[in-house]
């Protein structure tokens, strides 16, 4: 049975694989989570203007996204170890220099270099995620790990003092720690399903239809998922970009209330991702995704209409929780489409591309047409994107079953 599973490609989740895959993925994606604190550190410690600090962090995020996309094919093939080690080393060097060398040119170069390195870590971790069995459970654990580790970091940084040394130095230290476990990443599957079936003596004519090359449908599904994920990220983060100002202007929400929203949203995300991890395949993938996308669209619409601070807080917390559950399922779809990580490797890169333009879109629409219009636009975007996403989700389930057909037939033989 182990021979069959090895040939089929995906491997079980062990403690070492979990530490490597989820740890490297979290570290790679942490730039996006720490942007607000990094901007504060740049403005207070080095006298950057808010605009200059924001522009620099946007450049770092775009460098991360570009690096992720450029390395994703190599990460899905034979280069995930080299990419992970190089990326994490660059992240540690770049952010370490920014943390401890108080020179503006060094800080600028270090932050951009750190972003480039982080993109490599994202693609390597994403590719490795595809090699794990039960993509829904693996993605759920990944989402839970992300929220838990980021929450811990956000608690530690204020204790240390939100300066360059803590914001960027702690990040550099985490990158070095992740560098030590890159050897635990699961390898790329060594055999395609068709080759596996042949090696185990399962005849292709015995009810099995497999191919060593991905079909055109699989390619369209993967590309479609990446496009939809980028646009969905744009719609989600457009709301997040104006959530504080919209709450203040429209519902009288103060800074204390927004802080409570952030805390409870994190808790909701932890609970949601944990539920996905515990459910695994039992709830399916397409129906839960349909429910959370539709409910998320409703929350976006309502957020633009609410004028009571308590109700607004509840809406944003629910929306944030639904967002992470949908995010986990979309990553699961990417992992399920190809065990080599062909689509899960670039997934976070395209998300970052969409996310990078979210502040512009959110502020532009709300300033020109008002918050109610923004809520309508974002809700409609979600509902439109839901159609192809659900179709691709159904295809990913069929692809996963087809990939496991050789294992089932070989076990019967």
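Keeping to region 192-224, report how many residues are under 28 Å from residue 85 (Cα atoms) and modelled with pLDDT of 50 or more.
Taking region 192-224 first, the residues under 28 Å from residue 85 (Cα atoms) are 192, 222-223.
From what is left, the residues that are modelled with pLDDT of 50 or more are 222-223.
Counting residues in region 192-224 that are under 28 Å from residue 85 (Cα atoms) and modelled with pLDDT of 50 or more gives 2.
Considering (1) at pLDDT 90 or above; (2) surrounded by fewer than 24 Cβ atoms within 10 Å (Cβ to Cβ); (3) within 19 Å of the chain's Cα centre (by Cα), say which one residue 311 fails and leave the rest.
If we test residue 311 against (1) at pLDDT 90 or above; (2) surrounded by fewer than 24 Cβ atoms within 10 Å (Cβ to Cβ); (3) within 19 Å of the chain's Cα centre (by Cα), just (3) comes out false.
If you scan region 154-163, which residues turn out to be closer than 24 Å to residue 60 by Cβ and surrounded by fewer than 20 Cβ atoms within 10 Å (Cβ to Cβ)?
Taking region 154-163 as the starting set, the residues that turn out to be closer than 24 Å to residue 60 by Cβ are 154-158, 160-163.
Hits for region 154-163 are 154, 155, 156, 158, 160, 161, 162, 163.
Among the listed residues 233, 247, 268, which satisfies the condition of being crowded, with 19+ Cβ neighbours inside 10 Å, assigned by TED's automatic domain parsing to the domain that holds residue 323 and under 16 Å from the mean Cα position of the chain (by Cα)?
Numbers: 247 fails: under 16 Å from the mean Cα position of the chain (by Cα); 268 fails: under 16 Å from the mean Cα position of the chain (by Cα).
Exactly one of 233, 247, 268 is crowded, with 19+ Cβ neighbours inside 10 Å, assigned by TED's automatic domain parsing to the domain that holds residue 323 and under 16 Å from the mean Cα position of the chain (by Cα), namely 233.
Considering only region 82-112, how many residues are touching a residue at least 24 places away in the same chain (Cβ under 8 Å) and not in a helix (DSSP H, G or I)?
1
Looking at (1) in contact with a helix residue (DSSP H, G or I) (Cβ under 6 Å, 6 or more places away or on another chain); (2) at pLDDT 90 or above; (3) under 25 Å from residue 328 (Cβ atoms), can you tell me which one residue 19 breaks?
Residue 19 satisfies all of (1) in contact with a helix residue (DSSP H, G or I) (Cβ under 6 Å, 6 or more places away or on another chain); (2) at pLDDT 90 or above; (3) under 25 Å from residue 328 (Cβ atoms) except (1).
What are the residues in region 58-68 that are surrounded by fewer than 21 Cβ atoms within 10 Å (Cβ to Cβ) and over 16 Å from the mean Cα position of the chain (by Cα), if any?
58, 59
Is region 80-90 home to any residue that is more than 19 Å from the chain's Cα centre (by Cα), modelled with pLDDT of 90 or more and closer than 11 Å to residue 115 by Cα?
Yes, the conditions are met somewhere in region 80-90.
Could you list all residues from region 33-47 that are at pLDDT below 85 and closer than 12 Å to residue 171 by Cβ?
33, 34, 35, 37
Go over the candidates 145, 166 one by one and state the one that is within 22 Å of the chain's Cα centre (by Cα), part of a helix (DSSP H, G or I) and either crowded, with 17+ Cβ neighbours inside 10 Å or modelled with pLDDT under 85 (or both). Steps first, answer last, please.
Details: 166 fails: within 22 Å of the chain's Cα centre (by Cα).
After applying the criteria, what remains is 145.
Here's the yes/no breakdown for (1) surrounded by fewer than 24 Cβ atoms within 10 Å (Cβ to Cβ); (2) in the same structural domain as residue 174 (by TED's automatic domain parsing); (3) closer than 30 Å to residue 288 by Cβ:
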residue: 39; (1), (2), (3): yes, yes, no
residue: 42; (1), (2), (3): no, yes, no
residue: 47; (1), (2), (3): yes, yes, no
residue: 70; (1), (2), (3): yes, yes, no
residue: 82; (1), (2), (3): yes, yes, no
residue: 102; (1), (2), (3): yes, yes, no
residue: 113; (1), (2), (3): yes, yes, no
residue: 119; (1), (2), (3): no, yes, yes
residue: 135; (1), (2), (3): no, yes, yes
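Given the structure, is residue 54 at pLDDT 95 or above, more than 24 Å from residue 187 (Cα to Cα) and assigned to a helix (DSSP H, G or I)? If you could, list the steps in order and put the result at the bottom.
Working: at pLDDT 95 or above: no; more than 24 Å from residue 187 (Cα to Cα): yes; assigned to a helix (DSSP H, G or I): yes.
No.
Filter region 356-400 for residues that are under 17 Å from residue 219 (Cα atoms) and either out of contact with any helix residue (DSSP H, G or I) (no Cβ under 9 Å at 6 or more places or on another chain) or outside any helix (DSSP H, G or I) (or both) and give the result. Even if it seems obvious, please write down each step before you answer.
Within region 356-400, the first condition is being under 17 Å from residue 219 (Cα atoms), and the residues that meet it are 388-400.
The answer is 398, and nothing else.
Among the residues of region 1-16, what is the count of those that are modelled with pLDDT of 80 or more and assigned to a helix (DSSP H, G or I)?
Total meeting the criteria: 2.
The values are calculated or read from the model by the stated rules, or taken from the named source; none is laboratory data. Since this is a predicted model, take the numbers as computed values, not measurements. With ideal geometry, Cβ positions are generated from the backbone for all residues, glycine too; neighbour counts draw on all protein chains shown.
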